[in-house]
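What follows draws every value from the coordinates through simple rules; no lab data is involved. Quick caveat: nothing in here was measured; it's all calculated off a predicted structure. For neighbour counting, all protein chains shown are included, and Cβ atoms are generated from backbone atoms with ideal geometry for every residue, glycine included.
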Amino acid sequence: EGDEGAVCILACGGQVGEALAATMDLQTQGIRPRIVSLSSLRPLDEALVTRCAKDASALVVAEAPPPEGVTGLAAAVTALVGHDAGVTVIEPDIRPAPEDDEALVHPVGPSARDIRVAVTRLSKVQW
């Protein structure tokens with residue numbers, strides 16, 4: 001549980017572990033974000049996301065890129081709480097695809113470092 005008014009990280013699936021790792025590093029800097037692990041996107045827990053948007057100074061959405069044509073967490077959160085709610089979407093890293101010489105890139109979700117950088121930046125803006 002993070003500090004009241006802290007940045008809130010919304011994550012699901014494998015990104016929850018990255019968010020937890022980022023938070024451990026952030027706590028050594030005195031930054032205590034709140035992490036919310038969403039168990040599903042469909043149905044999205046709209047009451048929880050709305051409460052997070054209301055209580056937090058900013059929202060950070062950490063998600064792996066959704067399949068083409070599928071609405072992901074970031075789009076669903078932004079549609080629910082609006083663009084003015086301080087939603088920051090962390091763009092996924094683009095890395096070479098393992099064991100596939102034909103693929104140029106392989107998108108993966110944001111790393112703990114990516115999340116840490118976003119939360120640190122947003123925390124400093126709030127001061």
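Results, tabulated for the structure shown:
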quantity	calculated
VAL61 long-range amide H proximity, modeled H, under 5 Å	LEU10, THR88, VAL89, ILE90
Column: log10 I(q)/I(0), Debye, Cα scatterers of segment 30-79, q = 0.18, 0.24 Å⁻¹	-0.60, -1.01
For segment 48-53, Karplus couplings with θ = phi - 60° (6.51, -1.76, 1.60), whole Hz, Gly/Pro x	5, 5, 5, 5, 4, 4
Rg in Å to one decimal, and Dmax rounded to a whole Å, for segment 1-58 via C-alpha atoms	11.5, 35
Highest-first arrangement of 11-21, 35-45, where packing means the average Cβ count within 10 Å	11-21, 35-45
Packing-based ranking, highest mean first, of 76-82, 27-33, 53-59 given that Cβ atoms within 10 Å are counted	53-59, 76-82, 27-33
Long-range amide H partners of ILE35 with built H, under 5 Å	GLY2, ILE9
